[in-house]
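First the structure, in the form of structure tokens, and then the observations on it.
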Amino acid sequence: MIKLMSTFIHPVPAEYEEWLENLAQQGYHPNKINHWTSTFLIFKKGEPKKYRYVLDMQPFVKKEYFETYKDFGWEHCGQMSSTYLWRMEYTDERPESFTDTSALKERNRRFVKAISFSFILFVVTFLIIAATFIINRNDCGTAGIVQYTLGLVLSGFITLYLGNVMRKINKFIK
């Protein structure tokens, strides 16, 4: 089974983890996690299992990062850019991935910081397109108006989407 754009459909880390866990209980397990996984994720059909998945963004990985997770029984599934996916099989109580609330909040802050960079880029893009359109509105024909409108709609939509994602992640921080 292939899922397209999974990280865009489930952009909040906790929601993405829950989505993967539900699929694992149905017997669908990620085949290979790599840099293209955010675009398309391939699952292998297997035995249904209870896995706890964890997405952890680490722009700069310390030497002991992998050892720490593995010492606590986590299996490294792969890496999407600077985001690492871990899982742990369990039977009774769902294991916690972070030692305390502050560690979980810090993980969510890392995601918000990464998304806010793109958010700012799209806000600036939207403003530049709008300003350029206002300055040149008398000199552009129908084709120009269509192009400006498409640019404004697309950059505005992406800006709103990213803002909504940051808002959802911030709910988990509080």
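The values are calculated or read from the model by the stated rules, or taken from the named source; none is laboratory data. Keep in mind the model is a prediction, meaning the values are calculated, not measured. Note: ideal-geometry Cβ built from the backbone for every residue, glycine included; neighbour counts use all protein chains shown.
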So the check is Cβ under 7 Å with 6+ separation or different chains; which pairs have a first residue in segment 86-103 that's more than 18 Å from Y65 (Cα to Cα) and a second one that's at pLDDT 80 or above and among the aliphatic types (A, V, I, L, M)? P95/M88
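Could you tell me which of the residues N108, N170 is part of a helix (DSSP H, G or I), closer than 17 Å to E18 by Cα and in contact with a helix residue (DSSP H, G or I) (Cβ under 8 Å, 6 or more places away or on another chain)? Steps first, answer last, please.
Working: N170 fails: closer than 17 Å to E18 by Cα.
Answer to the check: N108.
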Filter segment 11-27 for residues that are under 20 Å from H76 (Cβ atoms) and either of a type in the set (A, V, I, L, M) or crowded, with 18+ Cβ neighbours inside 10 Å (or both) and give the result. P13, A14, Y16, E17, L20, L23, A24
Report, by residue number, each residue of segment 106-117 that is of a type in the set (K, R) and either modelled with pLDDT under 85 or surrounded by 14 or more Cβ atoms within 10 Å (Cβ to Cβ) (or both). R107, R109, R110
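Before we move on, is D56 free of Cβ contacts under 8 Å to residues at least 60 places away in the same chain and surrounded by fewer than 11 Cβ atoms within 10 Å (Cβ to Cβ)? Outline the logic, then answer.
Values: free of Cβ contacts under 8 Å to residues at least 60 places away in the same chain: yes; surrounded by fewer than 11 Cβ atoms within 10 Å (Cβ to Cβ): no.
Against the criterion (free of Cβ contacts under 8 Å to residues at least 60 places away in the same chain and surrounded by fewer than 11 Cβ atoms within 10 Å (Cβ to Cβ)), D56 does not qualify.
Criterion first (more than 22 Å from I9 (Cα to Cα) and surrounded by 13 or more Cβ atoms within 10 Å (Cβ to Cβ)) does P95 satisfy it? Full working, then the answer.
Details: more than 22 Å from I9 (Cα to Cα): yes; surrounded by 13 or more Cβ atoms within 10 Å (Cβ to Cβ): yes.
Yes: the conditions hold for P95.
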Given (1) modelled with pLDDT of 85 or more; (2) under 21 Å from V54 (Cα atoms); (3) part of a helix (DSSP H, G or I); (4) over 14 Å from the mean Cα position of the chain (by Cα), A103 misses just (1)
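Hey, does segment 50-68 have a residue that's polar (S, T, N, Q), under 20 Å from the mean Cα position of the chain (by Cα) and part of a helix (DSSP H, G or I)?
Applying the first criterion (polar (S, T, N, Q)) to segment 50-68 yields 58, 68.
Next cut, under 20 Å from the mean Cα position of the chain (by Cα) only: 58.
Retained after the next criterion (residues that are part of a helix (DSSP H, G or I)): none.
No: zero hits.
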Hey, among I128, I120, which residue is exposed (fewer than 14 other Cβ atoms within 10 Å of the Cβ), closer than 30 Å to Y148 by Cα, among the aliphatic types (A, V, I, L, M) and under 22 Å from the mean Cα position of the chain (by Cα)? I120
Matching residues in segment 85-100 (modelled with pLDDT under 85 and either assigned to a helix (DSSP H, G or I) or polar (S, T, N, Q) (or both)) number 2
